[in-house]
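Peer 1: Got a structure for you, written out below as structure tokens; questions coming shortly.
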Amino acid sequence: MGKMSFENHIAIVTGGSRGIGRAIVEDLSEKGSKVYFTYNKNDEAAQIVARETGSIALKCTQEDREKIRQTVDDIQKKEGKIDILVNNAGVTSDQFMMMMPDDDWDRVLNTNVTGTFIWTKAVSRVMLLKKAGVIINVSSISGMVGTGGQSNYCASKGAILAFTRSAAAEFAGKGIRVNAVVPGFIDTDMTTLLPRQIKRSSKERIALKRFGTPCEVAKVVSFLASIDASYILGQSIVVDGGLTTTIPARMN
């Protein structure tokens, strides 16, 4: 296995201004890729990432279908290709099912699932022109195990795993590889907000007794995007420190 390089590669990372998304932008950029990343609200954070990594920040929400299609068209016209798509953008809106507003269900499913579908549909058309490309979907162990108070989030992340397998089968003979990364508890803004007791008990359930870092997830994404993973297709790679080998826990 040689040194991983993405020289002359064009990548799109959705939700790249913070957390896991930011780490993915940083790692792909460091390895030579020209990265376009999307963000929703925080202009200042996005510009910091763009400045520090040499990437290009694009304000584009997951629910704006026309903006997504136009963004992909603009990148294709400018660069002539898109080599990598990382569907990372996602939201949570936790509440017990009986008290969950319908709007919270719709927003989480539209952002996490429908957004992933629209990006994949638009980018795959560009990749098919070259008969080459890699699509990586970021799911969560919440899509594998049930967690109370997260029916919308669990449903969305489980759907992404099923979508990954379907897309992988559909594009397998067309030069496009599709896989998923499944993070567990990762040190991000979401886990920072967890109560201290929840953090302590969660770490006890993790075989490695610690939360992961965004960088540890990003490096798995980069591996799946590389030629070193050329025989990996339709898989969901769990990055959870051994959490799912022990006791299911509440996820964010």
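The values are calculated or read from the model by the stated rules, or taken from the named source; none is laboratory data. On a predicted model such as this, the values are computed, not experimentally measured, just so you know. Cβ placement follows ideal geometry from the backbone for every residue including glycine, while neighbour counts extend to all protein chains displayed. Areas reflect the complete protein model, heavy atoms only, side chains present, ligands, DNA and RNA absent. Shrake-Rupley method; radii C 1.70, N 1.55, O 1.52, S 1.80 Å.
Peer 1: Taking the stretch 167-212 only, how many residues are open to solvent by 50 Å² or more (accessible area, probe 1.4 Å), touching a residue at least 60 places away in the same chain (Cβ under 8 Å) and farther than 30 Å from Ser124 by Cβ?
Peer 2: Total satisfying the criteria: 1.
Peer 1: I'm trying to understand the selection: among the residues of the stretch 140-166, which are open to solvent by less than 10 Å² (accessible area, probe 1.4 Å), of a type in the set (Gly, Ala, Ser) and assigned to a helix (DSSP H, G or I)?
Peer 2: Ser142, Ser156
Peer 1: If you don't mind, there's one more thing I want to ask. Check off (1) open to solvent by less than 50 Å² (accessible area, probe 1.4 Å); (2) in a helix (DSSP H, G or I) for Glu44 and give me the number that stays unchecked.
Peer 2: Every listed condition holds for Glu44 apart from (1).
Peer 1: I've got another one for you. Filter the stretch 140-179 down to the residues that are over 25 Å from Leu243 (Cβ atoms) and charged (D, E, K, R) and list them by number. Step through it out loud before you land on a result.
Peer 2: Let us first name the residues in the stretch 140-179 that are over 25 Å from Leu243 (Cβ atoms), namely 166-167, 169-177.
Within the stretch 140-179, Glu170, Lys174, Arg177 qualify.
Peer 1: Among (1) at pLDDT below 95; (2) open to solvent by less than 30 Å² (accessible area, probe 1.4 Å); (3) farther than 28 Å from Phe211 by Cα, which single condition is Glu63 missing?
Peer 2: Glu63 satisfies all of (1) at pLDDT below 95; (2) open to solvent by less than 30 Å² (accessible area, probe 1.4 Å); (3) farther than 28 Å from Phe211 by Cα except (2).
Peer 1: If I ask for residues that are in contact with a Phe, Trp or Tyr (Cβ under 7 Å, 6 or more places away or on another chain) and either among the charged types (D, E, K, R) or closer than 19 Å to Arg22 by Cα (or both), which ones from the stretch 163-202 would you list?
Peer 2: Phe185, Ile186, Asp187, Thr191
Peer 1: Considering each of Asp74, Asp64, Asp106, Asp83 in turn, give the residue that is under 23 Å from Lys131 (Cβ atoms) and without any contact (Cβ under 8 Å) to a residue 12 or more places away in the chain.
Peer 2: Working: Asp64 fails: under 23 Å from Lys131 (Cβ atoms); Asp106 fails: under 23 Å from Lys131 (Cβ atoms); Asp83 fails: without any contact (Cβ under 8 Å) to a residue 12 or more places away in the chain.
Exactly one residue qualifies, and that residue is Asp74.
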